[in-house]
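Trainee: What follows is a single structure, and I will ask about it in a moment.
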Amino acid sequence: MNIQKIIESLSPHERKILPYLKEKNISEICEKSELDKTSVLRALEYLKNKGIVELSFEKKKIIELGVNGALYKKKGLPERRLMNLLDNKKILNMEEAQKQSSLSNEEFKASLGALKKKAIIELKNQKIMLNTNKEEIAKKTLEEQFIEILPTEYESLSPEQLYAIKSLQNRKDIIQIKEEKQATIKITELGKEISNSKIKNENSIEQITPKILKKESLWKGKKFRRYDVTSPVPLINGGKQHFVNQSLDYARKIWTEMGFQEMTGNIIDTGFWVFDALFTPQDHPGREMQDTFFINKKAELPDKKLVNAVRDAHEKGVGGSKGWQYKWDEEVAKKMVLRSHTTNLSAKTLAKLKKEDLPAKFFALGKVLRNETVDWSHGFEFYQTEGIVVDENANFRHLLGYLKQFYTKMGFEKIRFAPAYFPYTEPSVEIHVWHPEKKVWLELGGAGIFRPEISIPLLGKKVPILAWGQGFDRIIMDYYKIKDLRELYKNDLTKLRKMKHWMK
Amino acid sequence: MANINLNKKQFEKEIGKLDEKMKDRIAMLGTPIEKIDANEIQIEVFPNRPDLLSYQGFKRAFLPFLGRVTGLKNYKINKPEKNYKIIVDSSLKNVRPYTACAIVKNLRLDSTKIKELVEIQEKLHITIGRKRKRIAIGLYPLEKIKLPIIYKAVEPDKIKFIPLESNKEMSGLQILQRHSTGKEYAHLLAGKAKFPIFMDADKNILSMPPIINSQLTGRVTEKTKDIFVECSGFDFELLNKCLNIIVTNLADMGGRIYQMEIKYKNKKITPNLMSEKIKISLENTNKLLGLNLNEKQLKQLLEKMGYGYNKGTVEIPSWRMDILHEVDLIEDVAIAYGYENFVPEIPEISTIGQEDLREIIKRKISEILTGLNILEVSNYHLTNKRDQFAKMGLQEKHENFVEIEGSKTDFTILRKNLTHYLLKILSENIDSEYPQRIFETGKVFGKNKEITEEENLAVAISPGNFTEVKQILGYLSKMIGLKIEVEEKEEFPQHFIGGRTTSIKIDNKEIGFIGEIHPKILKNWRIKMPVTIFEIRLKEIFKGLK
């Protein structure tokens, strides 16, 4: 930028302080330019960005007047007031002295102490006697001299001044010592050149205001002050969806685009729908309080026909199965739990499905709860992405096809399938995705084809049902660069405001 | 989930070098590798395959999978010799009624094998044994036992023997009270008048299942050549399967299996290693897997998984417990075929996608509110009593709520509202930039006569006054096109300031409240900025927009 352009870009504040850059500190620039400190500092910062000054900050101890100090600077120190009184009267009793000097108790005592120390007075029998001559009294004390030069830097003090600090420091609010960042301003060559060049105080336009726009003459032919368009501006924040919900909406879009209908439903459900209808035996370890949240309440089961069909599947098997061969207990099925997977929604959907609805595809995105302690890789609540495909001609390769499509869209490039086990699917499969940075396969969760012990009781006939339900939270962590699962629902507002958007 | 450790040296000597391809094969059998160190390979065994819970069992399944020796493996089984008998007493009826037993002879045990035996017992106990509840397993050195063996139930104080890991004779009760293993499993015998014992012909107690063996007769060592094995429990079929897993494991170590005669009312002979036969249809297999196999290929694949196959009939090894149905075989066909060899395919069937209406409405509400520069937050459904009640100025005893049992954290109830969670967020973010404008939609739970579960919406603004939040409510009402009204009420939630709160209504139905939060509540949360909140039930909005 040439000098002329730089000059045009100077803001009114910058222009104002330009002549005073040689002053030794900021408060003087403030005084001379009649700007407050913040404005001066900001203007200096802009001048620095333009290469006009070099700024360096260092911490310095600064001594300033305290509240009382500011007052005394005008009215005189209390001891001065007492001295003036004594100068006239020479001798006074204490009470009289305090009354006439109109000093507070504290001030009075401090003054006596200070004057006695300097041997200016003597105390005898409750009387104060002046112990010096007029000339001495007329001299300013070290303290008085010191107060007048404040504020000042600690480092530059003379021994006398240090003595004065010591004696004033013990008294209430006369001085205060502060650590302050102090700017040292050095004018650059460019700065000197600009200072020396004639800055026309032309009336360039600052902010364009409606008032200016109203009258053409106010802007026509005028210069617009150049902005420092490259300087950083403060960040702003907007309202937005929670980042987990943003990604859930994306998943919702993937499934609906593939022709899936959404299932929703209760988190609190009976063991019947969460476990029994899914052929999970009643003594399965997953049904213990250790793993699943129970509520001390029972709820009614659905219609008898369905309950009996599920009972048969467990006790003796259906459709050629041997079943689990134990006595199935209706009461256990009535116990209410917080769903440990969203597959209860699939079971309920299947129970309502009619023959003419086939083929049909459903998905769910919902929270599930497990009785876990909480650490970076575990939590008691997380989202699951659930799906079923009910189709006479569905097969294992279709299952892999749907899953591959979903995870590819979620941003995983390499996907593989490995054998797995779940009580409700056969064949079962576990989805693994390749993590290119960690160079490992991550296990995302399970899928399979519902066993006939599930499809026959729920649908009334054997139809292959492709089914899956995988943890969702883990698969979005990488996108948001989150390493600890607890971050997902922590609601740190500063982080939420800065969190990037789901851009898929 | 059970993990087992395979000895790496033994693996490489008897199976092959553990290179990347081998690792891949192990995983593709359905036994994912958990970790590998200098000496051991740790694999995960799924709950349906207890027969894989030992090196021998794994090797038996893995070699055919690699194509080395395929088909059904047969074991020679010897008839019971004289006195190879268990006399089962009727006193066990309500205690632990069944046992399945065997003798395995000519073993040459070493420390590796003993370790494997201990491990398989332990893993079977934990998994199919359901922590010894369903199955307890005992192994005994035969040379210390005089046959026949008696299995019966006896009063606890009449049981006296030195249990393993002890040097003192103890009574049945003392074992449950004082012995570490006894204490761990005491609940399994709690409330029983009699405890089960195995006893030999000399009346020496061998063990008290499902708790512990005797120190004198119940410890297998490297010197042990012949072993007596028993499984006890409640389901004879299950015990047989478990016994088969153990005896075939011992036979794979070089032992010879002998049957025993078990005298219930009727005589039974165990173990029974006869393979079960079930049908498999080539058509069903191809249909379910989306393949086009011929019968020869089907046979080969089944044989790779250790089955026998002949004209549509599959012979199932007697140690497999997971084959309930043809589909279980079909899965094994898929594993033998290799999951990596399936070509994923999306079929051309036409279905119409549809989002749930409530989800659409929730998203629209979210769009409206984020447009007002409000940030969405997301909280747990579980909460704790301190946040839900104490900090909201409520007493737990006057409230109805849904409590969950046995939570491992202090989150022990389901949230009743979103308001307390929004205040919690404001309280945890006092160092974050103001104004703080947040909202949440989500489920809340109640318990009156019935348990209820419904969707709510709450908005909190801080610093914010009544007018500002009422404006937000008004804007929302306009945007969704439903008339939302307010009405001042005598009764209102006590976290609001009286005279600065109203109820919110749709169609004259109350759906929530709006108000400025009382300083006493803000103080509980250590919030130093004024807060105004509304929370409404979305049910009526869903209904209104249908």
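No value in this document is a laboratory result; all are computed from the given coordinates. Note that this is a predicted model, so its numbers are computed, not measured. Positions of Cβ are backbone-derived with ideal geometry, glycine not excepted, and every protein chain shown enters the neighbour counts.
Trainee: Going by amide H atoms built from the backbone, whose H comes under 5 Å of the H on A:A420, apart from near neighbours?
Mentor: A:S428, A:V429, A:E430
Trainee: Let me ask you something else. Points 7 angstrom from Cα along the Cβ direction at A:N93 and B:K9: gap in nanometres?
Mentor: 10.9
Trainee: Okay, moving on. Treating only the Cβ of Lys, Arg, Asp and Glu as charged (+1, +1, -1, -1), what charge dipole size does segment B:77-270 show about its Cα centre? Round to the nearest 20 debye.
Mentor: In debye, rounded to 20, segment B:77-270 gives about 440.
Trainee: Can you sort A:L444, A:L218 so the residue with the fewest Cβ neighbours within 10 Å comes first?
Mentor: A:L218, A:L444
Trainee: Using all C-alpha to C-alpha distances in segment B:2-65, build P(r) with 10 Å bins and read off the rounded percent in each one.
Mentor: In order of increasing distance, the bins hold 22, 66, 12 percent.
Trainee: Same structure, new question: Output ³J(HN,Hα) for segment B:487-492: one whole-Hz value per residue in order, computed from phi by the Karplus curve 6.51 cos²θ - 1.76 cosθ + 1.60 with θ = phi - 60°, and x for Gly and Pro.
Mentor: 8, 6, 10, 5, 9, 8
Trainee: Among the lysines, which fall within straight-line cross-link reach of A:K127, defined as a Cα-Cα distance under 20 Å, with same-chain neighbours fewer than 8 residues apart omitted?
Mentor: A:K89, A:K90, A:K99, A:K109, A:K116, A:K117, A:K118
Trainee: Just need the Rg to Rh number for segment B:276-341, please, alpha carbons only, Kirkwood Rh.
Mentor: We get a ratio of 0.92 for segment B:276-341.
Trainee: Continuing with the same structure: Need one number: nm distance between label points at A:E443 and B:L188, each 7 Å from Cα along Cα→Cβ, rounded to one decimal.
Mentor: 2.7
Trainee: Expressed as a rounded percentage, what relative contact order does chain B have, with Cα pairs under 8 Å and six or more residues apart?
Mentor: Relative contact order of chain B: 12 percent.
Trainee: Just to check I understand the Karplus step: with θ = phi - 60° and J = 6.51 cos²θ - 1.76 cosθ + 1.60, what whole-Hz values come out for segment A:22-30, glycine and proline as x?
Mentor: Along segment A:22-30, the couplings run 7, 4, 7, 9, 5, 4, 6, 4, 4 Hz.
Trainee: Follow-up. So, counting K/R as plus one and D/E as minus one, what does the shell of residues with Cβ under 13 Å around B:K168 add up to?
Mentor: Net charge in that neighbourhood comes out at 0.
Trainee: Anything over 27 Å Cα to Cα? Flag those among B:K362/B:K528; A:K253/B:K447; B:K23/B:K73; B:K82/B:K223; B:K79/B:K299, in the order listed.
Mentor: Over 27 Å Cα-Cα: B:K362/B:K528; A:K253/B:K447; B:K79/B:K299.
Trainee: Next question, about the same structure. With bins 10 Å wide starting at 0, give me the P(r) of segment A:67-172 over every alpha carbon pair, in whole percents.
Mentor: P(r) over segment A:67-172, rounded to whole percents: 14, 48, 31, 7, 1.
Trainee: DSSP beta bridges in segment B:357-545, what fraction antiparallel, as a percent rounded to 5?
Mentor: Approximately 95 percent, going by the DSSP bridge assignments.
Trainee: In whole Å, what are the extents of chain B along the principal axes defined by its C-alpha atoms, from largest to smallest?
Mentor: 95, 65, 48
Trainee: Using a 10 Å cut-off on Cβ to Cβ distances, tally the other chain neighbours for every residue of A:422-428 and report the average as a whole number.
Mentor: Mean inter-chain Cβ contacts per residue within 10 Å come to 5.
Trainee: By its C-alpha gyration tensor, with a ≥ b ≥ c as the square roots of the eigenvalues, how is segment B:304-388 shaped: rounded for a/c under 1.5, else prolate for a/b larger than b/c, else oblate?
Mentor: Verdict is prolate for segment B:304-388.
Trainee: Would you work out the relative contact order for segment A:391-504, in percent, from Cα pairs under 8 angstrom that are 6 or more residues apart?
Mentor: Once normalised by length, the contact order is 20 percent.
Trainee: Which ³J(HN,Hα) values in Hz, rounded to whole numbers, follow from the phi angles of segment B:313-326 under the Karplus curve 6.51 cos²θ - 1.76 cosθ + 1.60, where θ = phi - 60° and Gly and Pro get x?
Mentor: 10, 10, 9, 9, x, 6, 9, 7, 10, 9, 9, 9, 7, 3
Trainee: Right, something else. Translational diffusion coefficient of segment A:281-342 at 20 °C, 1.002 mPa s, Stokes-Einstein with Kirkwood Rh over Cα pairs, in µm²/s as a whole number.
Mentor: 168
Trainee: Determine the sum of side-chain charges near B:E355: Lys and Arg each +1, Asp and Glu each -1, restricted to other residues whose C-beta is under 10 angstrom from that of B:E355.
Mentor: 0
Trainee: Over 18 Å between Cα atoms, which of B:K424/B:K509; B:K115/B:K146; B:K93/B:K133; A:K48/A:K192; B:K203/B:K268; B:K35/B:K304 qualify?
Mentor: Flagged as over cut-off: B:K424/B:K509; B:K115/B:K146; B:K203/B:K268; B:K35/B:K304.
Trainee: Follow-up question, since we're still on this one. State the Cα centre-to-centre distance between segment B:467-531 and segment A:418-442 in whole Å.
Mentor: Spelled out, the Cα-based centre of one part sits 48 Å from the other.
Trainee: Now, a different point. Mind checking which lysines have their Cα closer than 19 Å to the Cα of A:K214? Skip sequence neighbours fewer than 8 apart in that chain.
Mentor: Output for A:K214: A:K222, A:K223.
Trainee: A further question on this structure: Taking a ≥ b ≥ c as the square roots of the eigenvalues of the Cα gyration tensor of chain A, is the shape rounded (a/c under 1.5), prolate (a/b larger than b/c) or oblate?
Mentor: It is prolate, given that a/c is not under 1.5 and a/b is the larger ratio.
Trainee: With +1 on each Lys and Arg Cβ and -1 on each Asp and Glu Cβ, how big is the dipole of segment A:215-358 about its Cα centre, in debye rounded to the nearest 20?
Mentor: Here segment A:215-358 has a charge dipole of around 1160 debye.
Trainee: Per DSSP helix of 4 or more residues, -39500 (n - 2.57); summed, then divided by the residues of chain A. What does that give at 222 nm, rounded to the nearest 500?
Mentor: Value at 222 nm, helices only, nearest 500: -10500 deg cm²/dmol.
Trainee: Considering the options A:G113, A:P78, A:L130, tell which one lies farthest towards the positive end of the dipole of segment A:67-172, charges being +1 on Lys and Arg and -1 on Asp and Glu at the Cβ, about the Cα centre.
Mentor: Of A:G113, A:P78, A:L130, it is A:L130.
Trainee: While we're looking at this one, here's another question. Considering only the other residues whose Cβ falls under 12 Å of the Cβ of B:H125, what net charge follows from Lys and Arg at +1 and Asp and Glu at -1?
Mentor: Local net charge: +3.
Trainee: Mind giving me the FRET efficiency for B:E428 and A:K22? R0 is 60 Å, r the Cβ-Cβ distance, nearest 0.05 is fine.
Mentor: E between B:E428 and A:K22, to the nearest 0.05, is 0.75.
Trainee: Hey, if you put +1 on the Cβ of every Lys and Arg and -1 on every Asp and Glu Cβ in segment A:261-409, which of A:N395, A:H341, A:L369 ends up farthest toward the positive end of that dipole?
Mentor: A:N395
Trainee: Evaluate the Debye formula for segment B:77-270 with equal point scatterers sitting on the alpha carbons, no solvent, and hand back log10 of I(q)/I(0) at q = 0.10, 0.16, 0.17 Å⁻¹, in q order, two decimals.
Mentor: For segment B:77-270, the Cα-only Debye profile gives -0.35, -0.98, -1.12.
Trainee: Let me ask you something else. Assuming a ≥ b ≥ c are the square roots of the Cα gyration tensor eigenvalues, decide whether segment B:185-243 counts as rounded (a/c under 1.5), prolate (otherwise, with a/b larger than b/c) or oblate.
Mentor: oblate
Trainee: Continuing with this model, one more query. Rank B:A61, B:H381, A:L493 by how far each Cα sits towards the positive end of the charge dipole of the protein assembly as shown (+1 on Lys, Arg Cβ; -1 on Asp, Glu Cβ) and give me just the farthest.
Mentor: A:L493
Trainee: Here's something else I'd like to know. If you place +1 on the Cβ of every Lys and Arg and -1 on the Cβ of every Asp and Glu, how big does the dipole about the Cα centre of chain A come out, in debye to the nearest 20?
Mentor: The calculated dipole for chain A is roughly 1640 debye.
Trainee: What order do you get for B:S111, A:S346, A:S428, A:S340 when you list them from fewest to most C-beta neighbours inside 10 Å?
Mentor: Sorted ascending by nearby Cβ count, the order is B:S111, A:S340, A:S428, A:S346.
Trainee: What number in nm² do you get for the protein assembly as shown if you take the convex hull of its Cα atoms and divide its surface by four?
Mentor: 67.6
Trainee: Rounded to the nearest Å, what's the spacing between the alpha carbon centres of segment B:66-123 and segment A:38-93? Just the number, please.
Mentor: If we compute the Cα centre of each part, the gap is 96 Å.
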